[in-house]
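Visitor: Quick one: the structure is below, questions incoming.
The values are calculated or read from the model by the stated rules, or taken from the named source; none is laboratory data. None of these values were measured; they are calculated from a predicted model. Neighbour counts are summed over all protein chains in view; Cβ atoms, including those assigned to glycine, are modelled from backbone coordinates with ideal geometry. Note: areas computed on protein heavy atoms with side chains; ligands, DNA, RNA excluded. Shrake-Rupley method; radii C 1.70, N 1.55, O 1.52, S 1.80 Å.
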Amino acid sequence: MLISLNWLKDFVDIPRAITPQELGLRLTMHTVEIDSVKSEADKYKDIVVGRIKNIKKHPNADKLQLTQIDIGGQQLNIVCGAFNIKPGQKVPVALVGAVLPGGAEIKAVEVRGEKSEGMLCAEDELGLGEDHSGILVLGDKAKIGDNLGKHLNLKDVIYEVDNKSITNRPDLWGHYGMAREIASFLDVKLKDFNIKFNKQDKKIKNIVQVKVDDHKLCPRYMAISMDGVTIEESPKWIKDRLIAVGARPINNIVDITNYVMLETGQPLHAFDKNLVAKIIVRPAKAGETIKTLDGDTQELDEKDLVIADSKKAIAIAGVMGGENSEINPGTKEIIIESANFNYISVRKTAQKLGLRTEASQRFEKSLDPNLCEIALVRTVELIKKVCSNAGVSSRLADEKKFDFPLGSIELDLTWLNKFIGFNIDEKKVIGILEKLGFKTAKKENILSVIIPSWRAAKDISGKEDLAEEIARVIGYDNINPMVPRVGMEAPELNRERELERKIKNILSLKVGMSEVYNYSFVGEGQLNKLGIDYSTHIRLLNPIAEHHALLRQSLAPNLFENIRKNQPRYSLIKLFEIGSVYLPLDGDIKKSDRQEGNLPYQEKRLGMIIGGEKRDNVFHIIKGAIESLIDVEYLPLDRASNWAEDGYSADIEAYEINIGSIYKLKAHIAKTIGIKKDAAIVEINLKRLSEAMLKKGEIKFSEYEKYPPVIRDLAFVINEKVLYNNIREEILDFSDLIKKVELFDVYTGGKLGQNKKNLAFHIEYQADRTLRGEEVDGLQKKLIKDLERKFEAKIRDF
């Protein structure tokens, strides 16, 4: 957005000591980001006044001419396509390297075999109007070689505002709002707008018929008609102001509506009254079309808001008017619209149609509905000033239904000083707020602050916002930075994060596993192949894909998929994942302020999987991975699993806490899901693992045994249905001298026969004396007979 310094001076007296550059810096430090500060004449840099010395026909083109131009001490040959020029005329000449206001760069070129060393410019190419019928001919007083900016007597300074910095400040999209800010931080008086709200003439009985279908989409619609209007060129002072800030003059009525928009921030629109019977603000009909002022035909739908008469749409609300009701040279009576439209509706329509206009940019910021009246009165005032015969021909139509809460906000001055970091005199606080348009009332140390309507739209809502207003007006560079006094306390230990890091280090560095990150989603087909009932899985409303339609309740399905995808590349695959599963229970986290209930219960788990050949004994390897984290025991599963191989599944217990489960994947299930390897998987509840580790830390130190243990190995073949844990408990219970039993090998297949497996154990004998070998051998023989009798075990020799 461009801001004119001369225009700002209509509303605020800027001290002479403050240069335009200094003012730009202060605006950046106090209010908005200023991208550039330029003299208005700079846009005509390298565009000079030239005199046509000679014109002759282009030898190779009937519609082109060759001109010889004198620019003062230098002659240029320029190819020109306009035929309104004559020798002796003075014209604007864009030199090679010049950049026109529209962005076109002038280069030395060859046109049909003839060199062209610049360009003669039309009015529209210079941003001085819309005429492109020929080259702009300058007056006789124009001095050859002068810069065009100097010839046009351009003495304004233009500030380019970064629009992103005023996205939440709808009051700054006009010169008056910007002047209010300057008055506040320069501590000078803001001039009144001098708008006279005259009473309506009771003799006028006519009224513009206005109907608003939905006040949520159009909180306010004001309209008034004026007759005695003559459509002609605007006065120079209006055109100069518009050109300075990049707006192209069109005609007096359109220019005045643009002028008031740039002054107040409120967009307006003028209709030819003879082309509009009545005004209806309504949603568009599906497939409805309108030809807009840019000449394009737009197709609308029910989500777009239009201004219509009884037959057709005549404008797209807040975006652009239609050709079927536009001001034309024969217009004698007009309807002026000053309205407020829903910012979301305007934004969506403008984005969809690709029509980002000056009006839509302002409506998108959520304007103050009270601004409609100010802008309308100002427009009527200017039209009467420009068109001497113009007058109001109808009563004012004002359809409105809006609620604009303006506070109050309680501002504790003690809190304010603490928040900003130093003490501010209360008179200064009140002065700043009142210059910005706030109303204040003091009771003891509390200010009750009423928000001005132009700051209540998506802007000021709490005491922190008021503190920011005060701080920025004082100037952030005037606030001395101070290191806050904060007690040095050690941060609270996040045990879950520490545990995760420890697990990752052990599994990756010591066990040699690779970490994976999977989606938290699974699909019905994926679970069907594993025989998992997914009826209790939480279903997503808008899944990213069909195979990601459910929230996972286990890490296993996606880990199996990791093995399937990586098995062609590696013989032995060792992976782990730490992630959440989602169960159909209420969790501890609330959904949002607008939704009742809590999010689903999330449980963080550790999943480990190993895939390899039969000779790799993946079940044994994954047990080692578990035991690298914590000492565990394996207990019989108290539930069935559709995809776990019999005899190769168990619950995992650590320090009397059940922390998870271990499984080996059934061969036929592996085949169904495309896995060609043996696969073993572990899933551990991270919270329970943390509790077990804490419990481990509570175990008191016990002295080492004084006498050495005696270790014997024992291997035997049993039926594969016999559980490991039953064997282990039988061995431990056989004698008080047996202190520890450790399974170190499991073998199936080969010569063992069908439905058989071989288990090999380390058995540790310990006493409070030195055990003799004969004594241990005797106990071992009795143990073997006991196992043969109870489990039909057959001893194997090592």
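Visitor: Quick one: count up the residues across region 16-74 that are among the aliphatic types (A, V, I, L, M), assigned to a helix (DSSP H, G or I) and touching a helix residue (DSSP H, G or I) at 6+ places or on another chain (Cβ under 8 Å).
Guide: 4
Visitor: Moving to a separate point now. Could you say whether any residue in region 254-274 is touching an Asp or Glu at 6+ places or on another chain (Cβ under 6 Å), open to solvent by less than 20 Å² (accessible area, probe 1.4 Å) and of a type outside the set (D, E, K, R)?
Guide: no
Visitor: Considering only strands (runs of 3 or more DSSP E) fully contained in region 93-137, which possess at least 2 residues that are in contact (Cβ under 8 Å) with a residue 24 or more places away in the chain and under 24 Å from Gly72 (Cα atoms)?
Guide: 114-116, 118-120
Visitor: Would you check which residues across region 236-267 are out of contact with any Pro (no Cβ under 6 Å at 6 or more places or on another chain) and either among the polar types (S, T, N, Q) or within 12 Å of Ile383 (Cβ to Cβ) (or both) and list them?
Guide: Ile238, Asn251, Asn252, Ile253, Val254, Ile256, Thr257, Asn258, Tyr259, Val260, Thr264, Gln266
Visitor: In region 369-420, which residues are small (Gly, Ala, Ser) and either in contact with a His (Cβ under 9 Å, 6 or more places away or on another chain) or assigned to a helix (DSSP H, G or I) (or both)?
Guide: Ala375
Visitor: Of the residues in region 602-626, how many are farther than 15 Å from Arg552 by Cβ and either of a type outside the set (Lys, Arg) or surrounded by 12 or more Cβ atoms within 10 Å (Cβ to Cβ) (or both)?
Guide: Selection size over region 602-626: 16.
One line per residue, one yes/no per condition, for (1) at pLDDT 90 or above; (2) in a helix (DSSP H, G or I); (3) in contact with a strand residue (DSSP E or B) (Cβ under 6 Å, 6 or more places away or on another chain); (4) over 21 Å from Lys687 (Cβ atoms):
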{"position": "Lys504", "(1), (2), (3), (4)": "yes, yes, no, no"}
{"position": "Ser508", "(1), (2), (3), (4)": "yes, yes, no, yes"}
{"position": "Tyr519", "(1), (2), (3), (4)": "yes, no, no, yes"}
{"position": "Gly531", "(1), (2), (3), (4)": "no, no, no, yes"}
{"position": "Ile544", "(1), (2), (3), (4)": "no, no, no, yes"}
{"position": "Pro557", "(1), (2), (3), (4)": "yes, yes, yes, yes"}
{"position": "Phe560", "(1), (2), (3), (4)": "yes, yes, no, yes"}
{"position": "Arg564", "(1), (2), (3), (4)": "yes, yes, no, yes"}
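Visitor: Also: Within region 584-592, does at least one residue satisfy the condition of being of a type in the set (A, V, I, L, M) and modelled with pLDDT of 90 or more?
Guide: There is no residue in region 584-592 that is of a type in the set (A, V, I, L, M) and modelled with pLDDT of 90 or more.
Visitor: Answer with yes or no whether Ile446 is out of contact with any Leu (no Cβ under 6 Å at 6 or more places or on another chain), surrounded by 11 or more Cβ atoms within 10 Å (Cβ to Cβ) and hydrophobic (A, V, I, L, M, F, W, C).
Guide: Answer is yes for this residue.
Visitor: Please pick out the residue among Asp46, Asp10, Asp42, Asp62 that is more than 37 Å from the chain's Cα centre (by Cα), touching a residue at least 40 places away in the same chain (Cβ under 8 Å), more than 26 Å from Gln361 (Cα to Cα) and open to solvent by 40 Å² or more (accessible area, probe 1.4 Å).
Guide: Just one listed residue meets the conditions, Asp46.
Visitor: Residue check, Pro170 against (1) at pLDDT below 95; (2) touching a strand residue (DSSP E or B) at 6+ places or on another chain (Cβ under 6 Å); (3) buried (at least 21 other Cβ atoms within 10 Å of the Cβ), all met but one. Which one?
Guide: (2)
Visitor: Among residues belonging to region 475-497 that are of a type in the set (A, V, I, L, M, F, W, C) and more than 24 Å from Ile420 (Cβ to Cβ), point out the one that is modelled with the lowest pLDDT.
Guide: Per the criteria, the residue is Met488.
Visitor: Test each condition in (1) surrounded by 11 or more Cβ atoms within 10 Å (Cβ to Cβ); (2) touching a Gly at 6+ places or on another chain (Cβ under 7 Å); (3) in a loop (DSSP other than H, G, I, E, B); (4) not small (Gly, Ala, Ser) for Leu599 and report the one that comes out false.
Guide: So the condition that Leu599 fails would be (3).
Visitor: Same structure, new question: Given the residues Leu406, Leu433, Leu413, which is the only one that is touching a helix residue (DSSP H, G or I) at 6+ places or on another chain (Cβ under 9 Å), open to solvent by less than 90 Å² (accessible area, probe 1.4 Å) and over 27 Å from Leu172 (Cβ atoms)?
Guide: On inspection, the qualifying residue turns out to be Leu413.
Visitor: Looking at region 646-752, what strands (runs of 3 or more DSSP E) fall wholly within it and have at least 1 residues that are open to solvent by 40 Å² or more (accessible area, probe 1.4 Å) and of a type in the set (S, T, N, Q)?
Guide: The qualifying strands (runs of 3 or more DSSP E) are 657-665, 710-719, 738-748.
Visitor: Could you list all residues from region 515-564 that are open to solvent by less than 40 Å² (accessible area, probe 1.4 Å) and charged (D, E, K, R)?
Guide: Within region 515-564, Arg552 is the sole residue that qualifies.
Visitor: Scan region 754-776 for residues that are out of contact with any Asp or Glu (no Cβ under 9 Å at 6 or more places or on another chain), in contact (Cβ under 8 Å) with a residue 12 or more places away in the chain and either surrounded by fewer than 13 Cβ atoms within 10 Å (Cβ to Cβ) or small (Gly, Ala, Ser) (or both) and jot them down.
Guide: Passing the criteria: Arg769, Thr770, Gly773.
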